[in-house]
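Q: Quick one: the structure is below, and I'll ask about it shortly.
The values are calculated or read from the model by the stated rules, or taken from the named source; none is laboratory data. All values reported here derive from a predicted model rather than from experimental measurement. Using ideal geometry, Cβ is built from the backbone for each residue, glycine included, and neighbour counts are taken over all protein chains shown.
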Amino acid sequence: EEMTPEERAFQERIDADQKIEPKEWMPEGYRKTLVRQISQHAHSELVGQLPEGNWITRAPTLERKAILLAKVQDEAGHGLYLYCAAETLGISRDEMFEQLHSGKAKYSSIFNYPTLTWADIGAVGWLVDGAAIMNQVPLQRTSYGPYARAMVRICKEESFHQRQGFHIMMKMASGSEAQKRMAQDALNRFWYPSLMMFGPSDKDSVHSAQSMAWKIKINTNDELRQKFVDQTVPQAKYLGLTVPDEAVQWNEEKGGHDFSEPDWDEFFSVLAGNGPCNKERLQARVDAWDGGEWFRDGLMANAAKNKNTSEE
Ligand code: ACO
């Protein structure tokens, strides 16, 4: 399809690595892609609080509890920066919440898996936040200004999250036999779901080509998945744990590890709403929204009252 002069000028700015800002002209597809990706990302941060929130009351020490509480709170903050970034594209927060609560919007597949033991909280920090960083560090250079800037702080905080997860794994893996077994079991269950976080393989990724041309995405899904495996395999070795994939092996020729693909049928089934926890995750968000209605109403009434008073 031929580009219009406006579209061509826009693409030239993208090619010259200029940032696009909220009030500037952009193709409708660019706007839509960003709203989709940023709002899905924001929803992931909110839903992502649930599997870890599940362990705040059961963290093994006061220190671990304080750390986990702070981390879960950070995720809420990430959600809020991202909703703000999406709002600059002309969608309201209420619309985004409606899309989440009605099941129309996606959020990351990973959060539909349960956190069964304390070691899972280690694995989530190490692997899930590790995968998130791998995906989000390049997004600091994404072409849309507000999204790129939100990523800077988010990445700093994610690095702390990843470290705290690895630290839990270090404790567990060097603890009693039972603790070590828990750490291995957590790795076994979170390995493939973490690989799925990067999205379908490149041949099945519907958005990658256009998103990369617009520099919304900087890398393909498979590139980032490969980098993640290359970073994580030596870390598992350091912990004395085994990645649950016998095909994992250094491949000198390609300068990366060989590894097995996740079960893509499982991935698409989780996306369709049929993962182990999809229903309870969504219900928890809907309940939080409905349960908070009286408070939102109170805030609005109070703001209206203050406005009237100041106008008198
Ligand atoms: N979980 C849920 N949905 C996914 C996942 C996943 N792991 N991976 C891909 N999808 C969806 C896409 O959203 C898309 O669906 P849609 O058309 O309804 O939006 C579909 O599968 C096809 O995938 P792609 O064409 O590869 O989609 P896209 O180009 O958007 O790439 C990716 C997916 C890599 C997740 C991208 O959207 C992205 O980088 N997002 C920002 C980061 C993010 O969302 N992180 C959340 C992870 S956890 C966290 O940060 C707390």
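Q: Checking the conditions here, which among Met182, Met212, Met169 is more than 18 Å from the chain's Cα centre (by Cα) and either farther than 30 Å from Pro60 by Cα or within 16 Å of the ligand (Cβ to nearest atom) (or both)?
A: Details: Met182 fails: either farther than 30 Å from Pro60 by Cα or within 16 Å of the ligand (Cβ to nearest atom) (or both); Met169 fails: either farther than 30 Å from Pro60 by Cα or within 16 Å of the ligand (Cβ to nearest atom) (or both).
Only one candidate passes the filter, namely Met212.
Q: Within the stretch 10-57, track down each residue that is outside any helix (DSSP H, G or I), exposed (fewer than 13 other Cβ atoms within 10 Å of the Cβ) and either basic (Lys, Arg) or in contact (Cβ under 8 Å) with a residue 12 or more places away in the chain (or both). Break it down stepwise before answering.
A: Our first condition is that a residue be outside any helix (DSSP H, G or I); within the stretch 10-57, this holds for 16-27, 48, 54-55.
Pick out the ones that are also exposed (fewer than 13 other Cβ atoms within 10 Å of the Cβ) and you get 16-17, 21, 23-25.
Answer for the stretch 10-57, where residues must be outside any helix (DSSP H, G or I), exposed (fewer than 13 other Cβ atoms within 10 Å of the Cβ) and either basic (Lys, Arg) or in contact (Cβ under 8 Å) with a residue 12 or more places away in the chain (or both): Asp17, Glu21, Lys23, Trp25.
Q: Same structure, new question: Can you pull out the residues in the stretch 129-147 that are farther than 12 Å from Arg225 by Cα, under 9 Å from the mean Cα position of the chain (by Cα) and not acidic (Asp, Glu)?
A: Taking the stretch 129-147 as the starting set, the residues that turn out to be farther than 12 Å from Arg225 by Cα are 129, 136-147.
Narrowing further to those that are under 9 Å from the mean Cα position of the chain (by Cα): 129, 136.
Once the filter is applied, which keeps residues that are farther than 12 Å from Arg225 by Cα, under 9 Å from the mean Cα position of the chain (by Cα) and not acidic (Asp, Glu), the stretch 129-147 yields only Gln136.
Q: Can you pull out the residues in the stretch 97-140 that are within 11 Å of the ligand (Cβ to nearest atom) and of a type in the set (D, E, K, R)?
A: Hits for the stretch 97-140 are Lys104, Lys106, Asp129.
Q: Examine the stretch 32-51 for a residue that is modelled with pLDDT of 95 or more, in contact with a strand residue (DSSP E or B) (Cβ under 6 Å, 6 or more places away or on another chain) and more than 9 Å from the ligand (Cβ to nearest atom), and state whether such a residue exists.
A: Taking the stretch 32-51 first, the residues modelled with pLDDT of 95 or more are 32-51.
The next check asks that each one be in contact with a strand residue (DSSP E or B) (Cβ under 6 Å, 6 or more places away or on another chain); those that pass are 34.
Narrowing further to those that are more than 9 Å from the ligand (Cβ to nearest atom): 34.
Scanning the stretch 32-51 turns up at least one residue that is modelled with pLDDT of 95 or more, in contact with a strand residue (DSSP E or B) (Cβ under 6 Å, 6 or more places away or on another chain) and more than 9 Å from the ligand (Cβ to nearest atom).
Q: Same structure again: Which numbered condition in (1) within 16 Å of the ligand (Cβ to nearest atom); (2) in a loop (DSSP other than H, G, I, E, B); (3) free of Cβ contacts under 8 Å to residues at least 60 places away in the same chain; (4) surrounded by 14 or more Cβ atoms within 10 Å (Cβ to Cβ) is the only one that Val206 fails?
A: Going through the list (1) within 16 Å of the ligand (Cβ to nearest atom); (2) in a loop (DSSP other than H, G, I, E, B); (3) free of Cβ contacts under 8 Å to residues at least 60 places away in the same chain; (4) surrounded by 14 or more Cβ atoms within 10 Å (Cβ to Cβ), Val206 breaks only (4).
Q: Okay, next question. Find the residue count for the stretch 265-274, including only residues that are out of contact with any Ser or Thr (no Cβ under 7 Å at 6 or more places or on another chain), within 12 Å of the ligand (Cβ to nearest atom) and not acidic (Asp, Glu). Talk me through it step by step, then tell me what you get.
A: Here is the first cut: in the stretch 265-274, the residues out of contact with any Ser or Thr (no Cβ under 7 Å at 6 or more places or on another chain) are 265-266, 268-269, 272-274.
Within this subset, residues satisfying the condition of being within 12 Å of the ligand (Cβ to nearest atom) are 266, 268-269, 272-273.
Imposing the further condition that a residue be not acidic (Asp, Glu) reduces the set to 268-269, 272-273.
Selection size over the stretch 265-274: 4.
Q: So for the stretch 144-159 (the condition being crowded, with 24+ Cβ neighbours inside 10 Å and in contact with a strand residue (DSSP E or B) (Cβ under 8 Å, 6 or more places away or on another chain)), does at least one residue qualify?
A: yes
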